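The values are calculated or read from the model by the stated rules, or taken from the named source; none is laboratory data. Because the structure is a prediction, the values reported are computed rather than measured. In this analysis, Cβ positions are derived from the backbone assuming ideal geometry, glycine residues included, and neighbour counts consider all displayed protein chains. For the accessible areas, the whole protein counts, side chains as well, though only heavy atoms, and no ligand, DNA or RNA atoms are used. Shrake-Rupley method; radii C 1.70, N 1.55, O 1.52, S 1.80 Å.
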Amino acid sequence: MTQEWQQAGLTADQRADIVVKAMTEEEKFAWLSGPMAIPLGDEPLPEGAIGSAAYYPGIPRLGIPAIQQSDASLGVTALGNVRPGDNATALASSLLLAATFNPEMAERTGALVGQEAFAKGFNVQLAGGANLVREPRGGRNFEYLSEDPLLTGIMAGYSVRGIQSQHVVSTVKHFAVNPQETGRVVVSSDLSEAAMRESDLLAFEIANEVGQPGAVMPGYNLVNGEWASENAFLLNEVLKGDWRYPGWVMSDWGATHSAAKAALAGLDVQSGANLDQQAWFAEPLRAAVARGDVPQSRIDDMVRRILRSLFAVGAIDHPAQRHGDIDYMAHRLLAQREAEQGIVLLKNSDAMLPLRRGAKQILVVGAHADHGVLAGGGSSAVTPVGSLRLPGVDFMGIQTDKVFQPSSPLWAIRAESGAENVDFVSGDNLDETLKQAKKADVVILFAEEWRSEALDAQGLALSDEQNTLITAVAAVNPQLVVVLETGGPVTLPWIEQVPAVIEAWYPGSGGGEAISGVLFGRVNPSGRLPVSFPASEAQLPHPQQVDPESTTSLPGMPVKGGIIHIDYQVEGSDVGYRWFARTGQTPLFPFGFGLSYTTFTRADLQATAEQESVQVSFTLTNSGARAGAEVAQMYISPTDERFVPRLAAFQRVELQPGECRQVVLTLEPRVIACWDEQQQAWVIDAGRYDVVLGQHAGDVSLSVQIDIAARRFGY
């Protein structure tokens, strides 16, 4: 049966309007509130649901398929083993993706997630984590990208673009200023509009422009005392007003607090209604419409926005079908390539790395490296077939395992090293580990730091047992490489005693092979830190943390402790490396830092300002003996120090030995500007600016000055 919306030449908006006019009120409200499509207790799976984050029924008479939603940015999950035996490719953590500084990789891995979601029957992926890493101890930082708004926005946008290229809607989340997990359902992020516009909101603004996501998800938190899901400033004024966002706004699961207020503030869908106090967007919203508190036009707008996004990505013209036709081996190889680009070499004294092949005895220690690589916990946890599952956390009533994904570094090292013997010990028995370490030509020690949704890391240190182990092994065998598998920055008290350190993050499917490739030189490391590594918690804007025992972190649980106000105006827009610059502190490792097995030289830096564009050019040469990739990072700041240096452009450049290339970058104008709350506009002040081509945020070895004219621009 041909539908009216199938006429040739219609836009997504026109098609959505046609369908809304044909829908009954029952059909409309069926899309505005729904339970989590994972059974809790004795709750049955909704009829027609695959088993995932959410399900909204289709409208067969209008040719509209059901909405099947799945988590998350790192792959297609099956939380609580809701689809037994389901397999999926696990991408590396988003921090690793950002460490590639490669938008093309973000788009390619996004397309991988979209392909697998589509083949499993999903048409909405709850991906696009774009929160700034304001709190380095944040439990969910591994799902986010960086501490910088430009890098975060671009990488999130390209990831969304990749997902949506496969007829699957992607969200961006969690909008906005949602940097911590402990107490996340009662924390108010307090911050001025100007600081927000120049940091967290700018990341989402760029992500929206680049990726054009079909949906936006606010967080659990409050912003300046108003729940994000009913914050009219965020949703109506900024998102749908200034940015003219055409898609829909869905709450996080159990993050809706009202009917009329939320609907009028810009929330379009109540997600996970069975975790809320009540199904606000069911009978309470119907009653609000009947009373005249909410106009019928607002209900129609809610549904129209959903339909518009589904039409825009082709999710209605090309309905997702569960066919399972997935080339997991090709996808695993892409995940491996992602990890190879995002692993960061932090230290390499006396060129210890790459390790020579053909050693007599290599000892691998710790972190279940004999089985796989660590993954973060919570709703984003992808559990491929063959994963090692250990006790984790209780997440919204669902037991969530601590997962080691099946890509064994031990077996990859055996394959890559050519060593006579490669042995493994867990490290649990210190005496036995030291005995084995003394006999080894080299020791490769894996250290883990597990993070999960709903709970922040308590401090930045590795466990005492691991720090003791590393120090003790370094004392008996100086040929030691430490490989970190962490969900964010960590402190390294033993750094002076260890000659080589690699940050592998959570490296995903193919992570073991990627790590071994870096260790033995098949891969020249090119990852750059997307977050600063503090020397200690004392360097942070907020050294003290919220006590997890004093507050509530999970939705659907009785609230204890009341609303907690966090004053993020302490750092304002100066997040991460900007905070270090403002306070004159030196981090352990700065944002943008990363070593290589080759060397690069930079010359001929020039900057020009023409009309509304600032361009920078320079010559980059691979002056070493190995092919490699450099990440060009352009920072800008006014010479009168009105603001500290900000990343304004970047580009990953791959060069063969001796190859020379001219690189031209255009600086992002909103990074040069500041937000004027009175004028409600971006303002670039006339004056002289320092433009720095840095190897990282603290490098000022090559710079040029440029005069920039005053400019004001808005929306």
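Taken together, Gln615, Gln606, Gln544 contain a single residue that is more than 30 Å from Leu519 (Cα to Cα), in a loop (DSSP other than H, G, I, E, B), open to solvent by 60 Å² or more (accessible area, probe 1.4 Å) and polar (S, T, N, Q), which is Gln544.
Considering the range 506-530 alone, what residues qualify as being at positive phi and open to solvent by 10 Å² or more (accessible area, probe 1.4 Å)? Gly521 - this is the single residue of the range 506-530 that is at positive phi and open to solvent by 10 Å² or more (accessible area, probe 1.4 Å).
Of Lys120, Lys173, which residue is closer than 21 Å to Val76 by Cβ and open to solvent by 10 Å² or more (accessible area, probe 1.4 Å)?
Lys120
Within the range 439-476, being among the polar types (S, T, N, Q) and open to solvent by less than 10 Å² (accessible area, probe 1.4 Å) holds for one residue alone: Ser452. Among the criteria (1) hydrophobic (A, V, I, L, M, F, W, C); (2) in a helix (DSSP H, G or I); (3) in contact with an Asp or Glu (Cβ under 7 Å, 6 or more places away or on another chain), the one Ala475 does not fulfil is (3).
For the range 77-87, the condition holds for no residue, the condition being that it is in contact with a strand residue (DSSP E or B) (Cβ under 9 Å, 6 or more places away or on another chain), among the small types (Gly, Ala, Ser) and under 20 Å from Gln270 (Cβ atoms). Residue count for the range 407-425, restricted to those that are part of a loop (DSSP other than H, G, I, E, B) and surrounded by 20 or more Cβ atoms within 10 Å (Cβ to Cβ): 3.
Results for (1) touching a Cys at 6+ places or on another chain (Cβ under 9 Å); (2) part of a loop (DSSP other than H, G, I, E, B); (3) over 30 Å from Pro534 (Cα atoms), shown as yes or no for each residue.
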site	(1), (2), (3)
Asp42	no, yes, yes
Arg61	no, no, yes
Gln69	no, no, yes
Arg83	no, yes, yes
Asp86	no, yes, yes
Ala90	no, yes, no
Leu95	no, no, no
Thr109	no, no, no
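The single residue among Leu264, Leu310 that is in contact with a helix residue (DSSP H, G or I) (Cβ under 9 Å, 6 or more places away or on another chain), on the phi < 0 side of the Ramachandran plot and open to solvent by 50 Å² or more (accessible area, probe 1.4 Å) turns out to be Leu264. If you go through the range 628-645 and keep only what is in contact with a strand residue (DSSP E or B) (Cβ under 7 Å, 6 or more places away or on another chain) and surrounded by fewer than 16 Cβ atoms within 10 Å (Cβ to Cβ), you end up with Thr639, Asp640. Among the residues making up the range 221-236, those that are touching a His at 6+ places or on another chain (Cβ under 8 Å), within 16 Å of Ala259 (Cα to Cα) and either surrounded by fewer than 24 Cβ atoms within 10 Å (Cβ to Cβ) or not polar (S, T, N, Q) (or both) are Trp227, Ala228, Glu230. For Glu448, the conditions (1) under 21 Å from the mean Cα position of the chain (by Cα); (2) without any contact (Cβ under 8 Å) to a residue 40 or more places away in the chain all hold with the exception of (2).
Of everything in the range 14-37 that's hydrophobic (A, V, I, L, M, F, W, C) and farther than 19 Å from Ala263 by Cα, which residue is surrounded by the most Cβ atoms within 10 Å (Cβ to Cβ)? So the residue we want is Met36. The numbered conditions (1) on the phi < 0 side of the Ramachandran plot; (2) open to solvent by 30 Å² or more (accessible area, probe 1.4 Å); (3) among the small types (Gly, Ala, Ser) are all true for Gly561 except (1). Residues of the range 44-55 that are exposed (fewer than 12 other Cβ atoms within 10 Å of the Cβ) and in contact (Cβ under 8 Å) with a residue 60 or more places away in the chain: none at all.
Can you pull out the strands (runs of 3 or more DSSP E) entirely within the range 632-693 that have at least 1 residues that are basic (Lys, Arg)? By residue number, 646-655, 660-666. Scanning the range 343-363 turns up one or more residues that are closer than 30 Å to Glu448 by Cα, out of contact with any helix residue (DSSP H, G or I) (no Cβ under 7 Å at 6 or more places or on another chain), of a type in the set (S, T, N, Q) and at pLDDT 95 or above. Pro284 fulfils the conditions (1) open to solvent by less than 10 Å² (accessible area, probe 1.4 Å); (2) in a helix (DSSP H, G or I); (3) not basic (Lys, Arg) except for a single criterion, (1). For Glu503, the conditions (1) touching a strand residue (DSSP E or B) at 6+ places or on another chain (Cβ under 9 Å); (2) over 24 Å from Gly377 (Cβ atoms); (3) among the charged types (D, E, K, R); (4) surrounded by 20 or more Cβ atoms within 10 Å (Cβ to Cβ) are fulfilled apart from (2). Candidates Arg161, Arg134: the one that is in contact with a His (Cβ under 9 Å, 6 or more places away or on another chain), open to solvent by 10 Å² or more (accessible area, probe 1.4 Å) and either in a loop (DSSP other than H, G, I, E, B) or under 27 Å from Ala648 (Cβ atoms) (or both) is Arg134.
Every residue, every condition in (1) at pLDDT 95 or above; (2) part of a helix (DSSP H, G or I); (3) aromatic (Phe, Trp, Tyr), yes or no:
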residue: Phe233; (1), (2), (3): yes, yes, yes
residue: Leu239; (1), (2), (3): yes, yes, no
residue: Ser258; (1), (2), (3): yes, no, no
residue: Leu264; (1), (2), (3): yes, yes, no
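Number of residues in the range 321-354 that are open to solvent by less than 20 Å² (accessible area, probe 1.4 Å) and aliphatic (A, V, I, L, M): the value is 7.
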